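*Asks:* A single structure is presented below for examination.
Values in this text are rule-based calculations from the coordinates and carry no lab data. On a predicted model such as this, the values are computed, not experimentally measured, just so you know. Here Cβ is always computed from backbone atoms with ideal geometry, including for glycine, and neighbour counts include all displayed protein chains.
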Amino acid sequence: MTDELIPGRTCPLHYRYGATSLARAAEAECETLYVVGGLYGNDVALDALLAMFDAERVPKRLVFNGDFHWFDRDPAVFARVQRRVLGFDALRGNVETELADTSAAADAGCGCAYPAWVGDGVVERSNRILAALRQTVAQCEGAAAQLAALDMTRRVDVAGVRVGIVHGDAESLAGWGFAAEHLREASHRAQARAWFDMAQVDMFACSHTCLPVFHSLPRPGDDPRRFTPAVLNNGAAGMPNFRSDSSGLLTRISVHPVPQVSAAQRRHGLQRGGLHVDALAIPIPPDRWQPRFLAQWPAGSDGHASYWQRICAGPGHEPADALHSNAD
C-alpha cells in the first residue's frame, strides 16, 4: 500500500467524510424523491428528466448527486447545464470537486479513484478529459466558486424512510464500495451493512460507478414486508446503462407509484414498507444527443475513445443484472 497520490487511481483525503457524518437530522422531507447521478453534461438528458420531474404532482424533491458535468466541453453548454442543475438541490461529485480546485497543486487527475479492474487507458483518458474541462470552467466566470460551495452528502426523509444521498459510497466522494462488482462479495456486503448502522439510514442513493444496481441487504430479523437496507445506484443519467438501450437512468423513491405517463420508463425496482423504489429510464434520442456529443468530442478525442461505443450500443448489462438481494 502506498500513500502516493496516483492521478485517477487514488482518493484524496479531502474526499473523505465517513459514514457517521450522515447520522444527522434530515435536511429535507418529501413524498417523491428523484436522485440523479452522472448526468455528465448531457443537456438532452437534462431536458427529459426535468420534464419527468415536472409531471410529478406531489410534494417532491430533485437531488443531483454529482458528476453533472463531463461531456459539456463547450463553455456555452457547460454554463447552461450548471445554471439549470443549480436551480435544484445539487451535490458535487469528483468531477465538480476537481473543477472547483483551480490551484496549480491540483493533482488528483479526474478524481475517479478507479479500481484495478479499470484499464490504464481509461484512467489516462479520464485525466485528460478533466484537464480539458478545466479550460472550459476557466471561461465560465464564477463557475468554479459555485462548485466549491456544494456539499458532498445529503440526508432526505421519504415518508419516514431515511435516505443517505452520496456520490460515491458511505465513506468517500469517489468510493467504489457501492459498485456492483464489490457487492457481489459476501465480505464486502458485511461492510456495507455496517455502513447503514453507522450512518443511521435505511437506503443509500448513489452513482459514480456508471453501472446500475439496486442491491437489498436484509439482516437477520428484518421483516421482508418492511424496508430492508438497500443500495440504490442509478448508474448514469447521461449515458446508456443497458445493452441496446440509449436511455439514462434516475432513481425515484416515493410513497406513490410511478405516474402512468412514465410507467413504460420503469426498468427495475422494488417495494418495501409502502415505498415504491424504481429506476426510471431518461429518454435520450440518439438523433439529438449523438451530434451534440460529436461536436464536443469528435473521433480521435479522448471522450470519443472512452464513450462513443457505449453511447451507440450501451454496456453489456441487462435490467436483470441490476436487481439483487443477499441475506448472507
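*Asks:* Classify segment 5-134 as rounded, prolate or oblate from the Cα gyration tensor: take a ≥ b ≥ c as the square roots of its eigenvalues, call it rounded if a/c is under 1.5, otherwise prolate when a/b beats b/c and oblate if not.
*Replies:* Taking the square roots of the gyration eigenvalues as a ≥ b ≥ c, segment 5-134 is oblate.
*Asks:* Grab the beta carbon distance between Ala76 and Ala26, set R0 = 45 Å, and tell me the FRET efficiency rounded to 0.05.
*Replies:* Computed FRET efficiency for Ala76 and Ala26 comes out at 0.80.
*Asks:* List the trypsin sites (Lys or Arg not before Pro) within segment 162-261 that fall in a DSSP loop (any state other than H, G, I, E or B) and whose Cβ has at most 11 other Cβ atoms within 10 Å.
*Replies:* Sites meeting the loop and neighbour criteria: Arg225.
*Asks:* Under a 10 Å cutoff between Cα atoms, tell me which one of Phe214, Phe293, Phe53 has the largest fluctuation in the Gaussian network model of the chain.
*Replies:* Phe53
*Asks:* Which one of Ala170, Ala236, Ala145 has the biggest mean-square fluctuation once the chain is modelled by GNM with Cα springs under 10 Å?
*Replies:* Between Ala170, Ala236, Ala145, it is Ala145 that shows the largest mean-square fluctuation.
*Asks:* Another question about this same structure. Here are labelled values, [x] 19.2, 62; [y] 18.4, 56; [z] 17.5, 49, and one is the computed Rg and Dmax of the Cα atoms in Å for what I pasted. Which one?
*Replies:* Given [x] 19.2, 62; [y] 18.4, 56; [z] 17.5, 49, the calculated one carries the label [y].
*Asks:* Dipole of the chain (Lys/Arg Cβ +1, Asp/Glu Cβ -1, origin at the Cα centre): which of Pro12, Asn241, Pro75 lies farthest to the positive side?
*Replies:* Checked the options; the winner is Asn241.
*Asks:* Name the residues of segment 253-293 whose amide N is less than 20 Å from a point 7 angstrom out from the Cα of Asp47 along the C-beta direction?
*Replies:* Inside the label zone: 262, 265, 281-293.
*Asks:* I need the calculated FRET efficiency for the pair Asp222 and Gln139, taking r as the beta carbon distance and R₀ as 45 Å, to the nearest 0.05.
*Replies:* Efficiency, from the Cβ-Cβ distance: 0.30.
*Asks:* Nearest 5 is fine: what % of DSSP beta bridges in the chain come out antiparallel, could you say?
*Replies:* DSSP beta bridges in the chain are roughly 55 percent antiparallel.
*Asks:* Nearest 20 debye, what's the magnitude of the dipole of the chain about its Cα centre given +1 on Lys and Arg Cβ and -1 on Asp and Glu Cβ?
*Replies:* Charge dipole of the chain: 580 debye, to the nearest 20.
*Asks:* Roughly speaking, what is the centre-to-centre gap between segment 179-215 and segment 57-133 when only Cα atoms are used, to the nearest Å?
*Replies:* Segment 179-215 and segment 57-133 have Cα centres spaced 22 Å from each other.
*Asks:* Can you compute the charge dipole magnitude of segment 214-301 about its Cα centre, using +1 on each Lys and Arg Cβ and -1 on each Asp and Glu Cβ, nothing else charged? Give it in debye, rounded to the nearest 20.
*Replies:* Here the size comes out at about 80 debye.
*Asks:* State the extension gain, in nm to one decimal, for the chain segment bounded by Glu318 and Lys60, taking 0.36 nm per residue of separation less the distance between their alpha-carbons.
*Replies:* That pair, Glu318 and Lys60, stretches by 90.0 nm at full extension.
*Asks:* Continuing with the same structure: Quick one: if the Förster radius is 25 Å, what FRET efficiency do Ala131 and Ala295 give, using the C-beta to C-beta distance and rounding to 0.05?
*Replies:* Calculated value: 0.80.
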